[in-house]
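Working notes, structure below.
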Amino acid sequence: MDFDEFLDDVLVEVERPARYIGGEVNSSRKTAGGVGVRMVFAYPDLYEIGASNLGLQILYELVNARDDALAERVYLPWVDMQERMRARGIPLFSLESRQAVARFDILGITLQHELTYTNVVRLLDLAGIERRAAARGEGDILVVGGGPGAFNPEPVAELFDLLVIGDGEEAIQDLVDLVARAKARGLGRRVLLEEAAGLEGFYVPSFYAPAYGDDGQLASLEPRHGAPARIRKRSASDLDRWPLPARPIVPFLETVHDRANLEVFRGCTRGCRFCQAGYIYRPVRERSEEMLKSWAAELVRATGYGEISLSSLSTADYSRIHTLAACLRDALAARQVSISLPSLRCEADSVELAALTRKARRSGLTFAPEAGSQRLRDCVNKGVSEQDIITAIGRAYERGWRRIKLYFMIGLPGEHEGDVLEIARLSKRLLRSDTGKPLPGLQLVVSVSSFVPKPHTAYQWCAQDRMGTLAGKQQLLSRELRGKNLTFRWHSAPASYLEGLLARGDRRLLPAIEEASAAGCFDNWSESFDWPHWQGALNKLNPGPEFYVDRARGRDEVFPWDHINCGVERAYLWEEYERGAAGLATADCRFAGCTGCGACPGGASMSRAGLCVTGGRA
Amino acid sequence: MQRILLRFALRGDLKYLSHLEMSRAMVRAMRRAGLPLALSQGFNPHPRLSFWHALPVGVEAQEDLAEVWLREPVVPADAVAKLNAVMPAGLEVLEAVEVGEDEPKLTQRFTHALYIIRVAHAGQPRDARGVAEAVRKGFAAEDGEILNVEEDGQTEICLLASHREGGPQLRKLAEKTADCLGIGPESVTIVRTGLYDSRQSALASSSGLKEM
Ligand code: SF4
Ligand code: SF4
């Protein structure tokens with residue numbers, strides 16, 4: 001099959017042909033000759049969404065750094081390209097060497113978001129790979145999953161031969177070693193999977209058999225073939241040992257995150273009770289300031305980006321963020337490269353930090369108070385007061401910003417109508433200064449998303465608001481959030497519902513995902529989010545979607561993700577849930593000492609050993 | 001401040017880049033090469049870089065032009081070497097020349113272009129004269145002058161176009177050519193071979209081709 005010829009014929013006809021040409025600066029030019037393990041990484045969404053993903057960039061560079069392996073990439077083509085591929089019988093092929101995906105040894109798919117699950121099915125179909133791991137045999141590609149979705153992979157677990165839970169830096173080496181050994185010794189698929197199941201962080205879904213009770217609940221997920229009852233996530237404890245990609249690929253296309261990425265630290269222990277990332281990536285692991293400075297310089301040399309983003313879950317929490325930001329700004333100014341911080345705390349201090357790094361004030365600032373009322377902010381452990389927010393925005397105004405975006409959620413556990421109205425009241429209040437004077441020219445964009453309970457959080461037991469309830473709250477806000485300088489934005493309620501279903505679902509959801517995929521749902525891409533098709537597929541579910549989404553789960557109910565051990569213990573999460581209901585704050589262990597979540601192997605002692613940093617901050 | 005004219009080529013798969021994508025690739029290469037880019041004034045400063053008219057997606061250029069302003073003077077030949085060391089495959093700087101600060105814009109200095117319209121024909125060779133006639137009949141004056149048609153395994157039509165008033169719609173021209181010859185548009189490709197300051201210099205450069 002000649003993929004070059006195919007592309008030559010169709011590229012002028014499709015949207016954004018640069019999605020398919022490869023050849024980007026720093027992309028791999030390794031050829032298969034003499035190389036042992038051939039791996040292809042897939043992001044199950046469009047190029048411009050997937051290409052920015054830092055995790056895949058890290059793994060791509062690590063695999064290509066090995067002498068005995070190569071890595072290539074593939075993204076999901078847009079529908080115009082999919083149609084042409086199907087019409088000509090062209091299977092999905094890699095960007096680098098233009099080889100059929102199915103002919104690689106390993107396909108690594110990242111699960112970044114629940115709404116890409118239909119795309120995973122589509123990707124396998126386009127590649128001509130059997131959907132179910134059980135249907136693949138000797139000589140077939142090994143389909144491996146990873147990313148945050150792997151912390152509850154059950155809805156799509158049967159699509160994967162293997163899933164890797166947690167940080168990929170070490171795990172990818174183990175995986176490549178294992179496949180190299182299997183190839184060299186001619187080990188069968190089953191032996192390979194049994195060996196994999198013995199490695200930390202490796203989950204082999206086919207080795208676990210679910211049983212369901214009469215009430216529809218999962219009764220058990222029994223391990224077989226010597227697989228462990230629980231799979232402990234991989235966690236790279238010393239990030240300085242695992243360098244950031246020195247030469248990340250520079251896409252031709254404008255991507256969703258069109259700048260160089262400097263991951264300052266991993267994890268966040270602020271302890272917001274709704275936040276899955278905060279729990280599953282614990283503990284906090286900082287990169288050293290010296291390393292970050294030298295990486296930043298190297299990144300600019302290797303990519304030519306005009307902006308470096310200091311990316312982390314809550315970058316302003318880096319223990320030496322002010323000195324780091326100032327140093328980078330000065331060092332990079334000569335090359336006309338600016339730095340940016342994606343997330344700010346609702347604090348004046350954070351605004352100063354943004355002012356330090358950003359000369360152009362036009363781009364706007366974003367704050368996330370999350371909830372409108374103090375009561376609810378206390379419940380979710382968002383330790384920020386109304387006064388903090390007012391001061392922060394006042395300071396941003398003084399510093400020249402006129403466009404400010406606020407993130408809120410509706411549907412948080414325990415929310416009353418009064419809390420929703422508080423979003424409107426607070427937003428209007430923020431148009432005025434500390435002393436109550438109007439702030440002329442200030443534009444507030446109020447973005448309100450719907451809360452989705454996620455596995456491994458304090459709210460994993462909670463019922464999600466029904467679509468009708470959410471729509472009512474959105475209507476309330478659109479009535480109340482009117483005003484000259486206020487813009488109100490909200491998220492689609494069906495998309496949140498679906499996200500909630502897939503987030504806490506089990507293996508019984510797979511047929512619905514497959515059906516939605518076959519019906520052409522290209523989710524996550526709002527233009528084509530196809531709720532009617534989904535509804536058709538969901539109607540056939542037994543138990544129905546309400547069993548998963550709008551039902552409060554029992555304290556001791558078996559969860560489909562119980563076998564995935566993210567470090568944070570279930571008992572700790574339950575305690576957090578109860579403390580939240582009582583409006584009690586839980587302090588960040590970096591500043592107030594270990595609260596015993598379980599994520600550090602040595603618990604509090606680890607934090608005292610310096611993993612959770614307190615030095616250098618006021 | 002130094003103003004530098006860059007002659008460059010855009011080949012292979014990079015012909016599928018949009019104009020914006022190509023210009024971003026160029027800016028990034030300049031940053032990788034460490035050129036001291038001058039920035040524009042204003043809210044959102046960006047490198048001062050301008051291009052000749054945008055090349056349509058799918059058209060290769062053996063010659064395209066850009067101009068960039070630098071804060072500090074560089075030796076043009078050094079800039080070429082540094083840039084080519086960091087360019088993506090398919091973008092190549094052919095030459096750099098210092099330009100006076102008061103020179104008019106690129107699009108005013110370069111007004112004419114030569115194109116080769118290539119028609120792949122599976123197997124059956126065509127008669128050059130017949131092709132020339134068919135195409136000439138189908139083309140309008142604003143599409144440009146057909147200088148030559150050659151038949152050597154594939155048909156090559158050499159076209160001289162004026163870009164004073166916007167220039168020809170190259171994608172449409174490819175379709176038109178296909179229509180004239182009764183073939184599919186995927187068999188027609190267009191390559192720009194050069195940019196010129198007048199019709200005369202374009203003609204001079206194409207001499208060697210016999211006028212038909
Ligand atoms: S600050 Fe809160 S919401 Fe943000 S990453 Fe940390 S825990 Fe999550
Ligand atoms: S175990 Fe203690 S120190 Fe470690 S992340 Fe959890 S609360 Fe923080």
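Annotation note: Cβ proximity below 6 Å between a residue of segment A:194-221 that is in the same structural domain as A:Gly146 (by TED's automatic domain parsing) and a residue that is of a type in the set (S, T, N, Q) (sequence gap 6+ or interchain) occurs for A:Ala211/A:Ser220. Filtering segment A:593-604 to residues that are exposed (fewer than 14 other Cβ atoms within 10 Å of the Cβ) and either more than 9 Å from ligand 2 (Cβ to nearest atom) or modelled with pLDDT of 90 or more (or both) leaves nothing. Of all residues in segment A:533-549, none satisfies being at pLDDT 95 or above and within 16 Å of ligand 2 (Cβ to nearest atom).
Selection of segment A:258-312 for residues being within 14 Å of chain B (Cβ to nearest Cβ), in a strand (DSSP E or B) and among the aliphatic types (A, V, I, L, M) yields A:Ala260, A:Ile308.
With a requirement of 3 or more residues that are within 27 Å of A:Glu24 (Cα to Cα), the helices (runs of 4 or more DSSP H) lying completely within segment B:74-158 that satisfy it span B:76-86. Can you find a residue in segment A:324-334 that is within 16 Å of ligand 1 (Cβ to nearest atom) and either free of Cβ contacts under 8 Å to residues at least 60 places away in the same chain or touching a Leu at 6+ places or on another chain (Cβ under 7 Å) (or both)? Taking every residue of segment A:324-334 in turn, none turns out to be within 16 Å of ligand 1 (Cβ to nearest atom) and either free of Cβ contacts under 8 Å to residues at least 60 places away in the same chain or touching a Leu at 6+ places or on another chain (Cβ under 7 Å) (or both).
Considering only residues that are among the aromatic types (Phe, Trp, Tyr) and either touching a residue at least 60 places away in the same chain (Cβ under 8 Å) or within 27 Å of B:Thr111 (Cα to Cα) (or both), which ones fall in segment B:26-82? Reasoning before the result, please.
Our first condition is that a residue be among the aromatic types (Phe, Trp, Tyr); within segment B:26-82, this holds for B:43, B:51-52, B:69.
Of everything in segment B:26-82, those that are among the aromatic types (Phe, Trp, Tyr) and either touching a residue at least 60 places away in the same chain (Cβ under 8 Å) or within 27 Å of B:Thr111 (Cα to Cα) (or both) turn out to be B:Phe51, B:Trp52, B:Trp69.
Only a single criterion out of (1) closer than 22 Å to A:Arg335 by Cβ; (2) under 24 Å from the mean Cα position of the chain (by Cα); (3) at the interface with chain A (Cβ under 9 Å from one of its Cβ atoms) is not satisfied by B:Pro45, namely (2).
Each residue in segment B:56-67 was checked for being within 13 Å of another protein chain (Cβ to nearest Cβ) and either under 20 Å from B:Arg28 (Cβ atoms) or in a helix (DSSP H, G or I) (or both), and 1 of them qualify.
Tallying residues that are touching a residue at least 60 places away in the same chain (Cβ under 8 Å), under 23 Å from the mean Cα position of the chain (by Cα) and more than 12 Å from ligand 2 (Cβ to nearest atom) within segment A:555-576 yields 7. Restricting A:Leu218, A:Leu163 to residues that are within 19 Å of the chain's Cα centre (by Cα) and either within 30 Å of B:Arg28 (Cβ to Cβ) or surrounded by 17 or more Cβ atoms within 10 Å (Cβ to Cβ) (or both) narrows the list to A:Leu163.
Looking across segment A:335-352 at every residue that is away from ligand 1 (no atom under 16 Å from the Cβ) and in a helix (DSSP H, G or I), the one that is farthest from the other protein chains (Cβ to nearest Cβ) is identified as A:Ala348. The residue pairs whose first member lies in segment A:398-412 and is at pLDDT below 95, whose second member is of a type in the set (Lys, Arg), and whose beta carbons are closer than 7 Å, counting only pairs six or more residues apart or on different chains, are A:Gly400/A:Arg361; A:Trp401/A:Arg361. Please find, within segment A:338-385, the residue that is surrounded by the most Cβ atoms within 10 Å (Cβ to Cβ) out of those that are more than 27 Å from the chain's Cα centre (by Cα) and more than 15 Å from A:Ala396 (Cβ to Cβ). Only one residue fits best here, namely A:Ser373. Residues in segment A:569-590 that are surrounded by fewer than 15 Cβ atoms within 10 Å (Cβ to Cβ) and away from ligand 1 (no atom under 15 Å from the Cβ): A:Glu569, A:Ala571, A:Glu578, A:Ala581, A:Ala582, A:Leu584. Among residues that are of a type in the set (Lys, Arg), free of Cβ contacts under 8 Å to residues at least 60 places away in the same chain and in contact with a helix residue (DSSP H, G or I) (Cβ under 7 Å, 6 or more places away or on another chain), A:Arg320 is not included. Scanning segment A:226-257 for residues that are away from chain B (no Cβ under 14 Å) and either assigned to a strand (DSSP E or B) or modelled with pLDDT of 95 or more (or both) yields a total of 8. When the helices (runs of 4 or more DSSP H) confined to segment A:1-76 are screened for residues that are modelled with pLDDT under 95 and within 14 Å of another protein chain (Cβ to nearest Cβ), those reaching at least 3 such residues are found at A:3-10.
Selection of segment A:487-517 for residues being under 17 Å from the mean Cα position of the chain (by Cα) and hydroxyl-bearing (Ser, Thr, Tyr) yields only A:Ser496.
The values are calculated or read from the model by the stated rules, or taken from the named source; none is laboratory data. Because the structure is a prediction, the values reported are computed rather than measured. Reconstructed Cβ throughout: ideal geometry from the backbone, glycine too, with neighbour counts over all protein chains shown.
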